[in-house]
Amino acid sequence: MRILRRLSAALTAAVVIVSLSGAASHPFPGYDTRRLTLGAEAVSTNRAIFEVTEGDRLAVVLRRGTIPADTRPEVVVRTPDGTEAARSPWSETLAVATFNVWTSGTWSAEVVSPGSGTGTLQLVGSTRRTTTVNGTPITLRVTKPGERAYVTFPVTAGRSFTVAARSEDQVAEWDLDLTVRDPGGHDLGTLEEPDLESSASSRDLTAAATGTYSMELTGSDDTVGAVTVFVTSPAEPKSVTVNGPDAQLTLTKPGERALLAVPATAGQRLTVVARAAGMADVRLLRLGVQGPGGSPESLQGAEGRQSWTAVGFLAHRTGTHLITVDPEGWSTGRVDVAVLQPVTVTAKAGGPAVELNLDRPGRTGTVVVTTGAGEHLTALITSADVEPAGEHTDVVIRSPYRSVIGSASLGAGVRADYGDAAFTTRTAGAQTIEIIPGGALTDSLPTGRYTVRVAGSSTVAAKVGGPAVTARTPTPGGRAFVRFDAAAGQWLDLVVRPEKATGETGDLALIAPDGDELDRYSYDAVADTEGTKISFTAPAAGTYLLAADPYEDRAGAVTVRITEHQVRGPAPDPPEAF
């Protein structure tokens, strides 16, 4: 009897086990009649099941069918154990739930909030291509809503590479995105909206780990289209020397970068000049410089300048510096690169002129002037034999700490070959006058010869209510200053009479005790027969300066008388303090 009872219990347990096994093979009751098949037509249903394999990249597309127009349904995808894998709300014409399969088996799709109607569900797959770094270009196509196309390629850790993409359709695909992922599936960035223009979308990357990387093309809503992608990596750096011949680089693939290695000494100030020689449709030519330690020394791109880019940098360490040449766009061709050191000469304030021969495109010049603090100086620059003729030149004056204390330009105005810049030194030491042919306003890199002279200034003291004083420039092109004290709120009149014999014209600048320029005036020895009258209220107590600056490189003198304003009749309001 005991044996029979045990056998009965064992048979009962066996029946239970069989029953549970059968339930596990059909985990979605009511779904079996509606199945989705990859690549098949859409099925009219609000619930369906489908078979998947680990690693599949799929999407379930929901269309409205008979679902009422005022209803906004969603589509939800679930795994065999009921875990939600993807959910997509309704867009304008459909809903697309995209997902990657991490476990094989029977998955399900369900329409949420369909109202009184029935939608249509369709299972859409993906296409896969393979390539290699610097391999042939690959065209990825999305031919139906929800479809994805991707390409994989192996990369070793530490390798730099660039991905570039461009639409191949007749109309720009504004809703196509190309996402780059690492071997673990992590998003490394998206190339958004690749279009038909010559400028390709691109992204520069460095592999953090060895493995298979991918680019996946997706479209928003019902967007379809094709995109051609390149994966490139720069070759070993070519060598170039400071002031040596141009390095000629040939870039054969869109998105391709090139590297140059240049030895530099700590403290050297250099300029990298890249010129697109025969490279068409360059919208942005970028240059990057890395020091021996790998830290970026400088990075610059010149938007809209189609023929060249120049970037200056200071070498902080002695050793090999790495230059990256990166033309953004769907263009190939030759780029000529030079690394140039500025032509540097020394001048003295009040001394003779010095010359700079800037004989290579992109080469700059530097004039070093050692001064004390608080000196009022003027740099006078004349150009000759500039090619192309009439091109612009920038002049920047810097303090020993590299802050800008003055600027000028050549190439515009009455005298295109002349420019001057007045400046006041803030600290004692080596002030630098930088001559930059081409500047920021030209599409060319001119060459030419430049003459620079640094003129000093003179200062005379005057008293309010005292006699008139004469301020005379010490040399042509210099400035003359009149120094006077004023009380806060004092209303003063300054009468300035230039020498009539020279027919002198120029500018007058009123400078406050803190060095700020309060206002600027002009004078003309011929037109202003009674002189130039300046009336102002002193904003603060202290020593003021009136600077007389004859136009261009002329000399001259002005007579200045300072009085308190005399009121006759009803007292007018004094001018507002600056």
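Filtering the stretch 110-146 to residues that are farther than 12 Å from LEU217 by Cα, of a type in the set (S, T, N, Q) and touching a residue at least 12 places away in the same chain (Cβ under 8 Å) leaves SER113, SER116, THR118, THR120, GLN122, THR130, THR131, THR132, ASN134.
Whenever a residue of the stretch 232-247 is in contact (Cβ under 8 Å) with a residue 24 or more places away in the chain and over 30 Å from ALA165 (Cβ atoms), its partners that are assigned to a loop (DSSP other than H, G, I, E, B) and open to solvent by 40 Å² or more (accessible area, probe 1.4 Å), lying with C-beta atoms within less than 6 angstrom and at least six residues away or across chains, give the pairs VAL242/GLN341; ASN243/GLN341. Any residue at all in the stretch 24-37 that is in a helix (DSSP H, G or I), modelled with pLDDT under 95 and not β-branched (Val, Ile, Thr)? Within the stretch 24-37, one or more residues are in a helix (DSSP H, G or I), modelled with pLDDT under 95 and not β-branched (Val, Ile, Thr).
For the stretch 340-368, name all the residues that are among the β-branched types (Val, Ile, Thr) and more than 17 Å from ALA408 (Cα to Cα).
VAL343, THR344, VAL345, THR346, VAL354
Tally time: how many residues in the stretch 100-119 are outside any strand (DSSP E or B), of a type in the set (Val, Ile, Thr) and open to solvent by less than 40 Å² (accessible area, probe 1.4 Å)? Qualifying residue count for the region: 1. Is there a residue being within 46 Å of the chain's Cα centre (by Cα), small (Gly, Ala, Ser) and surrounded by fewer than 17 Cβ atoms within 10 Å (Cβ to Cβ) anywhere in the stretch 505-518? Checked against the condition, which is being within 46 Å of the chain's Cα centre (by Cα), small (Gly, Ala, Ser) and surrounded by fewer than 17 Cβ atoms within 10 Å (Cβ to Cβ), the stretch 505-518 yields at least one hit. For the stretch 86-99, filtered to residues that are touching a residue at least 60 places away in the same chain (Cβ under 8 Å) and in a strand (DSSP E or B), the residue that is nearest to PHE230 (Cα to Cα) is THR98. Residues that are at pLDDT below 80 and in a strand (DSSP E or B) within the stretch 272-289 comprise ALA277, LEU284, LEU285, listed in sequence order. Looking only at residues of the stretch 40-85 that are open to solvent by 10 Å² or more (accessible area, probe 1.4 Å), among the aliphatic types (A, V, I, L, M) and assigned to a loop (DSSP other than H, G, I, E, B), we find that the one that is nearest to VAL101 (Cα to Cα) is ALA40. Total residues in the stretch 223-257 satisfying the condition of being part of a loop (DSSP other than H, G, I, E, B) and under 30 Å from GLU92 (Cβ atoms): the figure is 2. Checked against the criterion of being touching a residue at least 12 places away in the same chain (Cβ under 8 Å), open to solvent by 20 Å² or more (accessible area, probe 1.4 Å), assigned to a strand (DSSP E or B) and among the hydrophobic types (A, V, I, L, M, F, W, C), the stretch 349-361 contains one or more residues that satisfy it.
Residues that are closer than 13 Å to ILE435 by Cβ and in contact with a Gly (Cβ under 8 Å, 6 or more places away or on another chain) within the stretch 354-379 comprise LEU356, LEU358, GLY362, THR364, ALA379, listed in sequence order.
The values are calculated or read from the model by the stated rules, or taken from the named source; none is laboratory data. The structure presented is a predicted model; accordingly, all values stated were derived computationally and were not measured. When we count neighbours, we look across all protein chains shown, and the Cβ atoms used for this are built from the backbone with ideal geometry, even at glycine. Heavy atoms of the whole protein, side chains included, go into the accessibility calculation; ligands, DNA and RNA do not. Shrake-Rupley method; radii C 1.70, N 1.55, O 1.52, S 1.80 Å.
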